[in-house]
Amino acid sequence: MSFINYSSREINCKIVYYGPGLCGKTTNLQHIYNKTNPEAKGKMISLATETERTLFFDFLPLSLGEIRGFKTRFHLYTVPGQVFYDASRKLILKGVDGVVFVADSQVERMEANLESMENLRTNLAEQGYDLDKIPFVVQYNKRDLPNAASMEELRRLLNPRQVPDFEAAATVGTGVFDTLKAIAKLVLIELKKGG
Amino acid sequence: MVDQQMVLYEEEFRKISAVCERLTREANAKAVLLVDKNGQFITSHGEVENLDTTSLASLTAGNYAATSGLAKLIGEKEFPNVFHEGEKDNLHLSIVAQRAILVVMFDARSSLGLVRLRVKKSSEELTQIFNAIVQKAQTQAQASPFGEITDDDIDNLFS
């Protein structure tokens, strides 16, 4: 649910990075944070455990520039990927405008990817959203690892709807900004439709 | 059900700001902030120059969402007021009109009792303003400023 403020001439949108534990959601945000001009970003907040696993969420506010005199601000959130944090994941999806699903390309994580995708669909439905209708992109992360599954298989299992999808290696930044641009664009197109 | 998009116009924004300004004064607060339940910052008043209001809004919403989750677990609908006590500064959070969180930051110059009293009155006023916003959105189909944006406008953001 975007928020348009005529007084400050701002439009705020919320994007959530979803996916199984250790797939690289936080790494995506860290790369965006490290490579963005200081004036375009706010502070990155990570609510994590002592072992740097996301406990509640990561948050990064970004300004993309102006459209028709309105500043566009995107609030990027990640969810905790570990299965038992489901209650927290549901909370973070509230008011979401667009979702990035970060898949772990490693063959042995395929089951976890599928489970997380199903969990995303269920949790969105609980909030009244339909995964097939909201702005949505898929990122296949860890393409640089030797045990990565084939793109054909990943696409077949995780992207039957054929939404925009991207190969990535978030630790070195490959594909991270392409993914962000794609979801931001879909969110703005949705906003245009809504008007 | 999915919430409607929130659109805040100048007139309502001024009214909301006026309520926050008065609450800051009457509650002897350091600062008053209003944030959307989804973590979007709406407005603030008082000593906020050194405060990261964007982070505060996001964390407040997360905190409130977690607290509401806890309430539901024990059979409560929600905890409409939450109080955090610090060594010097304290935070009082309360839900307004089911969609915003009123945050009052105060120190020893005020007290929890005074803050609660003043918040109650301000909440009622803010609820009326938010109801008017919802009504306006329903009765007047306002043209979105984004209805006319072109693909080029969107592409230019990323060039």
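Taking a ≥ b ≥ c as the square roots of the eigenvalues of the Cα gyration tensor, the stretch B:1-120 is classed as oblate, since a/c reaches at least 1.5 and a/b does not exceed b/c.
Mean partner shielding of peptide B:148-155, defined as the number of other chain Cβ atoms within 10 Å of each residue Cβ, is 5.
Bridge orientation summary for the protein assembly as shown: considering DSSP beta bridges with both residues in this region, about 65 percent are antiparallel. With the cut-off at under 17 Å, measuring from each backbone N in the stretch A:1-38 to a point 7 Å along the Cα-to-Cβ line of B:TYR9 picks out A:4-10.
Applying a DSSP loop filter and a limit of 11 other Cβ atoms within 10 Å to the trypsin sites (Lys or Arg not before Pro) in the stretch A:74-153 leaves A:LYS133. Here the Gaussian network model covers chain B, with springs between Cα atoms less than 10 Å apart; of B:ASN131, B:ASN90, B:ASN81, B:ASN131 fluctuates the most. Given the protein assembly as shown, report the % of alpha carbon pairs whose separation exceeds 30 Å. Tail fraction, whole percent: 38. Given +1 at the Cβ of Lys and Arg, -1 at the Cβ of Asp and Glu and no other charges, the dipole of the stretch A:3-194 around its Cα centre is 800 debye to the nearest 20.
Of B:SER68, B:SER17, B:SER44, the residue with the greatest mean-square motion in the GNM of chain B, using alpha carbon springs below 10 Å, is B:SER68. Simple spin-label model, 7 Å along Cα-to-Cβ: B:GLN138 to A:ASP132 in nm? With each label placed 7 Å out from Cα toward Cβ, I get 3.1 nm. Modelled spin-label separation between B:ASP152 and A:ASN37, with each label point placed 7 Å from Cα along the Cα-to-Cβ direction: 2.2 nm.
Multiplying the residue separation of A:ARG161 and A:GLU118 by 0.36 nm and removing their Cα-Cα distance gives an extension gain of 14.1 nm. Span-like helix criteria (full DSSP H runs; alpha carbon extent of at least 20 Å along the helix axis; mean Kyte-Doolittle hydropathy of at least 1.0) are satisfied in chain B by no helix.
In whole percents, the pair-distance distribution calculated for the stretch A:45-103 from its alpha-carbon pairs, binned every 5 Å from zero, is 4, 16, 23, 23, 14, 9, 6, 3, 1. The mean number of Cβ atoms from other chains found within 10 Å of a Cβ in peptide A:9-19 is 2, as a whole number. Computed extension gain for A:ASN147 through A:LYS71, at 0.36 nm per residue and net of the alpha carbon distance, reaches 23.1 nm. Which one, A:PHE84, A:PHE177, A:PHE74, has the greatest fluctuation when you compute a Gaussian network model over chain A with C-alpha springs under 10 angstrom? Of A:PHE84, A:PHE177, A:PHE74, the Gaussian network model singles out A:PHE84 as fluctuating most. Summary: within chain B, the longest segment free of trypsin sites (Lys or Arg not before Pro) located in DSSP loops with at most 15 other C-beta atoms within 10 Å is B:1-76. Cross-link reach is defined here as a Cα-Cα straight distance under 22 Å, omitting same-chain residues fewer than 8 places apart; for A:LYS43 the lysines meeting it are A:LYS14, A:LYS25, A:LYS35, A:LYS71, A:LYS94, A:LYS181, B:LYS37.
Bear in mind these aren't lab numbers, they're just calculated from the coordinates by the rules spelled out. Predicted model, so just to flag it, every value in this text is computed and none were measured. Cβ coordinates were reconstructed from backbone atoms using ideal geometry, including for glycine residues, and neighbour counts include every protein chain displayed.
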